[in-house]
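Presented below is the structure to which this report refers.
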């Protein structure tokens, strides 16, 4: 023990004596000149004056007044360069003259909009995903934005949660790979932040996707062991990739709201994972802790600061209470200084002290934003994110075919861009109707149906966001024409056509934040349309627009083909047409399990067994873990997706049947393209720890590879495996690979697998 203490003392001395960096010296000097009020002001984040819609600063706006008093460390919610420049000028003229940091919800592109994040994840293409973040960073920085509230890395297993659209699906390993790709795309792969790079903000920390009953902002009930094994890996992966900031979530964990949860913010994120950036709360999350029943605003603000929160977004908790808490001894000046320093370090990394206007570049704004090249890339990205769920041979379509394009989402540009696309060029977004008509001149169109039968509900989901953020907004009328007339018109178009393309599903406002659904299916009015179209006897291709898994049991039985396009982005119509007509062979695969019925939720592939297990695809048998009226398994499993060609998988092979703890074994599988078209296949590897000290999932994704396989040819895919690939967090929360047998399984999806046994010594 004495040796350990001596070593600790020596290390502390070495650290204390280590020469200070240029950044440290600069910030030391700056903070020595700052008043306490100015330091607290750096911890305060507000929305931009005239949030979202304004293009200039207005003096009557409360946020402008705070700017002039030097009481803001940053603002968020605007991508308008004129407004942001004005704000920066005001900040430099007031208080300590410290530049602002500018944040924005750049979730899946800035002006060039890519598929929504869950759609991006179905490409399983890390290089592609990283490049989308790279393009987004290039465009946003030209507008003055230097901090994005992305990536959203919450793992979700419940399709009822609206924000499932913003994440990467249900698997923690794949989610971690995507988190790293996004961070690298935004920040680059080295420590220096360039003028066309910006700071990533990993959200929502932590475990927000496990909200009970899929209801937004709801509580989370998980053990630490389950959290570490099933949910937390993407947050950890982002830290390892060098993410500059994190955003605390709305939920509680272990009875403590996330924004004051010391275990999450200090013990895990900083002490264990080595994160050295700053943590900002989600909007009003600090004051919302009052409603959790923890204390008044002064109490929750003090506890949040002490737990490791550095910046308060829109609660006015820090700016409004910390002086009093300091006077009363609830917080120390060291607590305030520590948070202030982290904010200032972020600004230093961005180069804002050297050039506060570094991220305003009129030349790049004219040449690098929403370019033809970026739009062409958006088209390519969307092509890789369209999941073919069913095809009885009707696809691909012929371009000389008479096609009836019908449905309330066929000509809906906003739903093509999806949630969190405030800076998109909505008027130039290519709709499904436009893209298909360009490719096939014999195309007709009919709106087809209402979105949903309940008029008030339809108005709410279509225009609810505008009502919140836009003053004096007048919602256009819905249900202006009778449902019966719309369906009759669609049926007439269908009867005159050779094939029907039905574009249905969810609008952009039906998923994302504050958009939980108790019954995630195709809305009732649109189901009436599909039934009428099927009754014509014409082949019906369902083009599904959605931000979550929907219950498609009836549609799977009745439709001739189903193409899940998510919200595909700026080039939606072109990309969908490319796949429908066979110019592109679909390759995307699901990152979420699609349920057979609502009662299965939450549903995920990497579940655990019970003492009375029941096969996923077998009917009810009493005294086993199953349903009387439904199969256990999903309609479409995690990792599933069809192609216009076919693949044949061989049995997996191991380079050795045994592996030492410090060894490596290679698992190999040969995949043959047995069809007539070249294709890209996502080859997946799963493991199962047969016997362990804690119960383990029935299977876990541990590797994947997207490979190109020409028609008639074979490709052998090798997966090197180490003990780390087989490890998990045990009861003591130690990352361990326990000796024993492991099933190593390969295949095209989580359901269709072949396995071999590996023994770890």
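Only the coordinates and a few stated rules stand behind these numbers; no lab work does. Small disclaimer: the values here were computed from a predicted structure and weren't measured. With ideal geometry, Cβ positions are generated from the backbone for all residues, glycine too; neighbour counts draw on all protein chains shown.
When the helices in the chain are scored as -39500 (n - 2.57) per DSSP H run of 4 or longer and the sum is shared across all residues, what 222 nm value do you end up with, to the nearest 500 deg cm²/dmol?
When only DSSP H runs of four or more count, the value is -9500 deg cm²/dmol.
When only Cα pairs under 8 Å and 6 or more residues apart are kept, what is the percent relative contact order across the chain?
Once divided by the residue count of the chain, the mean separation gives 12 percent.
Determine the gain in length on full extension of the stretch residue 705-residue 718; use 0.36 nm per residue of separation and subtract their C-alpha separation, reporting nm with one decimal.
My answer for the length gained is 3.8 nm.
Could you tell me the extents of segment 467-529's C-alpha atoms along the three principal axes, largest first, rounded to whole Å?
Its Cα atoms span 44, 27, 17 Å along the three principal axes.
Could you work out the mean projected area of the convex hull around the alpha carbons of segment 379-580, in square nanometres to one decimal?
Details: hull surface 42.8 nm².
Hull-based average projected area comes out at 10.7 nm².
Among 204, 292, 731, what is the fewest-to-most ranking by other Cβ atoms within 10 Å?
Lowest count first: 731, 292, 204.
Can you give the relative contact order of segment 645-760 as a percent, counting alpha carbon pairs under 8 Å and 6+ residues apart?
Relative contact order of segment 645-760: 33 percent.
Quick one: work out the % antiparallel among DSSP beta bridges in segment 379-580, nearest 5.
Antiparallel: roughly 15 percent of the beta bridges in segment 379-580.
So between residue 620 and residue 492, what do we pick up on full extension, going 0.36 nm a residue minus the alpha carbon distance?
Here the segment from residue 620 to residue 492 would lengthen by 41.8 nm.
Which of the following values of Cα extents along the principal axes in Å was calculated from the structure shown: [x] 93, 64, 57; [y] 78, 68, 48; [z] 96, 72, 58?
Evaluating Cα extents along the principal axes in Å on these atoms matches [y].
If you line up the long axis of helix 524-535 against the longest principal axis of the chain, both from Cα atoms, how many degrees apart are they, to the nearest 10?
On a 0 to 90 degree scale, this one is about 20.
Sorted by average packing, counted as other Cβ atoms within 10 angstrom per residue and highest first, what order do 704-712, 103-111 take? Mind showing how you got there, number by number?
Numbers: 704-712: 15.6, 103-111: 27.1.
The most tightly packed comes first, giving 103-111, 704-712.
With just the Cα atoms defining each centre, how far is segment 226-274 from segment 488-560? Give it in Å.
So the separation of the two Cα centres works out to 39 Å.
Please arrange 750, 597, 415 by how many other C-beta atoms lie within 10 Å of their C-beta, fewest to most. Before the final figure, lay out the partial values.
Working: 750 27, 597 15, 415 31.
Lowest to highest Cβ neighbour count: 597, 750, 415.
Indicate, rounded to the nearest 5 percent, the antiparallel portion of the DSSP beta bridges found entirely in segment 122-263.
Among the beta bridges of segment 122-263, antiparallel pairing accounts for roughly 25 percent.
How much length, in nm to one decimal, is gained on full extension between residue 519 and residue 535, taken as 0.36 nm per residue of separation minus their Cα-Cα distance?
Net length gain for the segment: 3.2 nm.
DSSP beta bridges in the chain, what fraction antiparallel, as a percent rounded to 5?
55
Within a 10 angstrom radius of the beta carbon, how do 113, 430 rank from fewest other beta carbons to most?
Fewest-to-most Cβ neighbours within 10 Å comes out as 430, 113.
Would you give the gap between the C-alpha center of segment 82-151 and the C-alpha center of segment 383-432, rounded to a whole Å?
Segment 82-151 and segment 383-432 have Cα centres separated by 26 Å.
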